[in-house]
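What follows is a short report on a single structure.
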Amino acid sequence: MQATSDLKTKPMYLNIGPNHPAMHGTLRVLAEIDGETIVRGVAEMGYLHRGFEKHCEVGTYTQVIPYTDRLNYISPLMNNVGYCMAVEKLIGCELPERAQIIRVIICELSRVTDHLVCIGTNVVDLGALTNFWYYFNVREKIYDFIEKICGARLTTNYVRIGGLMRDFHPEAAAELKNIIKEVGKATKQVRGLLEKNKIFIDRTAGVAAISAEEAINSGFTGPCLRAAGVDYDVRKDQPYLGYETYDFDIPIGESGDTYDRFLVRFEEMNQSFRLIEQALERLKPGPIMTNDRRVALPPKSEVYTNIEALMNHFKLIYEGVKPPPGEVYSATEAANGELGFYIVSDGGTHPYRVKCRPPCFPLYAAYPKMVQGRMIADAVAVLGSINIIAGELDR
Amino acid sequence: MGKIIDCFKNQFGEGVLSAHENFGDETLVVQKEILLELLQFAKENENLKFDLLMDICGVDYLEQSPRFEVVYHLYSVSKKHRIRIKTKVSAEDCKVPSCVSLWKAADWFEREAYDMMGIHFEGHPNLKRVLLFEGFEGHPLRKDYPINKRQKIPEPLERP
């Protein structure tokens with residue numbers, strides 16, 4: 001064994017991705033390796049860049065909403081909500097109560113699907129396929145529900161500026177209760193399989209631990225920051241959609257390693273179930289779109305009988321929403337962390353500038369440092385646990 | 001004006017060119033010369049403690065002079081408040097000091113702003129494109145970059 005230092009070695013470069021099943025889509029890491037240890041790594045991205053921000057500048061404010069589906073495509077409803085809230089802040093319109101509650105429900109439902117996919121695929125990378133089926137079975141039930149409310153599974157386009165595209169179907173509440181029960185059962189089963197599993201703990205505990213100061217300095221938000229022990233959650237610290245009136249907890253980890261990131265996600269799902277249950281109890285019949293005529297179409301009965309309403313309808317369809325000049329930054333707690341939209345308006349019908357602050361971006365930037373000095377197999381485990389979604393990373 | 005803005009004004013006086021609280025977002029427009037010092041103050045001052053750098057982006061106001069704005073969004077985890085800090089740069093002298101020394105998160109945000117808007121961050125350790133490929137001509141989020149412009153598809157690199 002002692003002879004190894006006399007062996008002549010030279011660094012080897014390994015290209016991981018972009019077309020590699022463990023690289024979750026389109027990420028690429030060029031790693032300098034010594035044996036199986038990563039000495040240095042360079043992360044690359046941009047393979048899924050579609051020019052989201054440039055596209056936003058040519059369409060109307062409403063035409064941006066379908067693009068937001070394609071940001072984080074495993075929880076698209078949350079992006080819809082995040083963008084619409086930024087425009088609503090700019091316009092200053094109030095939401096009816098039912099629309100707010102439905103937004104809370106769809107946000108939490110997306111948080112659950114996001115965590116299901118994150119944990120499910122990550123344990124596949126670690127070699128545990130069973131959990132993946134447990135999770136994707138129940139995820140399918142949530143997707144059936146999402147399909148019922150908006151007609152699409154992924155490209156939801158469900159939220160509108162000032163409200164929602166349409167109301168829940170009458171059986172929605174009963175179906176949701178059933179879904180929560182089934183997803184809760186699957187979560188319990190998968191957690192039972194993993195939480196005290198020796199192999200799983202060996203692969204994840206202590207791997208790529210990040211301290212609280214380091215995480216904050218690197219711009220972490222969401223489950224990855226909370227796993228490091230910082231209790232920052234936009235829903236608690238700067239509440240929106242009435243989150244301050246709900247009873248829920250923010251799970252935090254201790255060591256900021258891959259294992260803690262898993263546990264935080266497990267617990268967040270349970271908290272999301274609690275939120276959905278509370279929201280369902282509050283859900284009373286009512287309007288789902290604001291009365292504000294600057295953003296909402298007038299009812300058809302008025303359009304056909306009243307010239308002002310007809311003009312209003314025409315203007316909103318032909319020109320679109322016209323916010324006042326100014327700039328806003330609106331942040332929501334997406335499944336991965338803080339999803340921010342910075343919108344600059346010049347008073348026209350097109351956004352002057354839209355900047356999306358994707359939660360993955362700083363996470364992926366810190367990734368090469370996190371895996372430095374670790375094995376290649378660890379790099380795969382870490383990448384899954386920070387849950388990079390190429391759609392919102394590259395925009 | 002809010003306490004946060006006053007805190008900056010007391011410290012930097014003339015360096016803070018203007019401030020507003022439109023739409024509830026506290027915003028400062030500051031001189032480029034004091035930007036780095038001001039960001040450091042924002043991060044380290046006991047009453048401010050803006051320890052989390054949320055975002056850096058550029059905005060192109062083609063008709064105005066100076067043409068570009070560099071926008072920083074900061075958040076304080078302990079104090080739970082936000083601030084937006086902006087500074088203006090002209091097209092001829094499109095440079096601002098890099099704040100990678102303060103926040104590691106700035107590294108890629110600055111690279112993105114350079115990539116998309118062509119703003120140079122002086123002192124950045126590795127200022128190259130992040131979203132687009134090497135050899136891309138121009139900066140696509142500038143207002144004078146046509147939306148339907150095509151780029152040459154790059155040739156594969158020769159193996160060394």
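3J(HN,Hα) along region A:289-305: 10, 5, 8, 4, 6, 6, 10, 9, 5, x, x, 4, 4, 6, 4, 7, 10 Hz, from the Karplus curve 6.51 cos²θ - 1.76 cosθ + 1.60 with θ = phi - 60°, whole Hz, x for Gly and Pro. For region A:374-379, the Karplus equation 6.51 cos²θ - 1.76 cosθ + 1.60, evaluated at θ = phi - 60°, returns couplings of 10, 6, 4, 4, 5, 4 Hz by residue, with Gly and Pro reported as x. Select from chain B the helices, each a whole stretch of DSSP H, whose alpha-carbon atoms run 27 Å or more along the helix axis and whose Kyte-Doolittle mean is at least 0.0; answer none if there are none. Helix filter hits for chain B: none. Amide H to amide H distances under 5 Å link A:TYR352 with A:VAL344, A:SER345, A:ASP346, where only residues 5 or more positions off or on other chains count and H is placed in the peptide plane. Seen against the Cα atoms of chain A and their longest principal axis, helix A:76-91 is set at about 50 degrees.
A Förster radius of 51 Å, combined with the Cβ-Cβ distance separating A:GLU36 from A:ALA174, puts the computed FRET efficiency at roughly 0.45. Restriction of the trypsin sites (Lys or Arg not before Pro) in region B:58-149 to DSSP coil positions whose beta-carbon has at most 10 other beta-carbons within 10 angstrom yields B:LYS128, B:LYS149. Result for chain A in a Gaussian network model with C-alpha springs under 10 Å: among A:ASP202, A:ASP257, A:ASP114, the largest mean-square fluctuation is at A:ASP202. Ordering A:TYR342, B:TYR145 by the number of other Cβ atoms within 10 Å of each residue's own Cβ, fewest first, gives B:TYR145, A:TYR342.
Note on region A:52-394: dipole from Cβ charges, positive end direction compared against A:PHE200, A:ASN312, A:VAL87; the farthest Cα belongs to A:ASN312. The local environment of A:PRO223, defined by Cβ-Cβ distances under 11 Å, has a net charge of -2 under the rule Lys, Arg +1 and Asp, Glu -1. Rounded to the nearest 10 degrees, what's the angle between the helix A:129-150 long axis and the longest principal axis of chain A, both from Cα atoms, 0 to 90? For helix A:129-150, the angle is close to 10 degrees. For a 32 Å ceiling on Cα separation, which of these pairs sit above it: A:LYS89/A:LYS315; A:LYS355/B:LYS49; A:LYS8/B:LYS104; A:LYS141/B:LYS80; A:LYS89/B:LYS128? The answer is A:LYS8/B:LYS104; A:LYS141/B:LYS80; A:LYS89/B:LYS128. The amide H of A:ARG28, built 1.01 Å from its N in the peptide plane, has A:GLU44 as neighbours under 5 Å, considering only residues 5 or more places off or on other chains. Listed by chain and number, the lysines whose alpha-carbon sits under 20 Å from that of B:LYS149, ignoring those within fewer than 8 places in the same chain, are A:LYS54. With the alpha-carbon atoms of the protein assembly as shown aligned to their principal axes, the span from lowest to highest coordinate is 92, 61, 51 Å, starting with the largest. Above 19 angstrom, tally the Cα pairs of region A:323-381 and express them as a % of all pairs, no decimals. That tail contains 51 percent of the Cα-Cα pairs. Under a straight-distance cross-link criterion of Cα-Cα below 20 Å, which lysines are reachable from A:LYS284, leaving out those fewer than 8 residues away in the same chain? Result set, ordered by chain and number: A:LYS148, A:LYS177. Secondary-structure-derived ellipticity at 222 nm for chain B, considering helices only, amounts to -6000 deg cm²/dmol, per-run term -39500 (n - 2.57) for DSSP H runs with n ≥ 4.
Straight-distance candidates among the lysines for linking to A:LYS196, with alpha-carbon spacing under 19 Å and chain neighbours fewer than 8 residues away dropped: A:LYS185, A:LYS188. Rounded to the nearest 10 degrees, the inclination of helix A:258-282 to the longest alpha-carbon principal axis of chain A is 20 degrees.
The calculated 222 nm mean residue ellipticity attributable to helices in chain A amounts to -15000 deg cm²/dmol, summing -39500 (n - 2.57) over DSSP H runs of n ≥ 4 and dividing by all residues. From least to most packed, judged by other beta carbons within 10 angstrom and beginning with the fewest, A:THR156, A:THR130, A:THR26 follow the order A:THR130, A:THR26, A:THR156. Considering only A:ARG294, A:ARG70, A:ARG139, the Gaussian network model of chain A with Cα springs below 10 Å gives its largest mean-square fluctuation to A:ARG294. Each of A:MET289, A:MET12, A:MET78 was scored by other Cβ atoms within 10 Å of its Cβ. Listed from fewest to most, they are A:MET12, A:MET289, A:MET78.
Taking R0 as 45 Å, what FRET efficiency do you get between A:LEU310 and B:GLU63 from their Cβ-Cβ distance, rounded to the nearest 0.05? If you can, show how the numbers build up before the last one.
Working: r = 35 Å, r/R0 = 0.79.
The value I calculate is 0.80.
Since every read-out is calculated from the coordinates, none of them should be taken as a lab result. Quick caveat, the model's predicted, so the values are computed rather than measured. Neighbour counts are summed over all protein chains in view; Cβ atoms, including those assigned to glycine, are modelled from backbone coordinates with ideal geometry.
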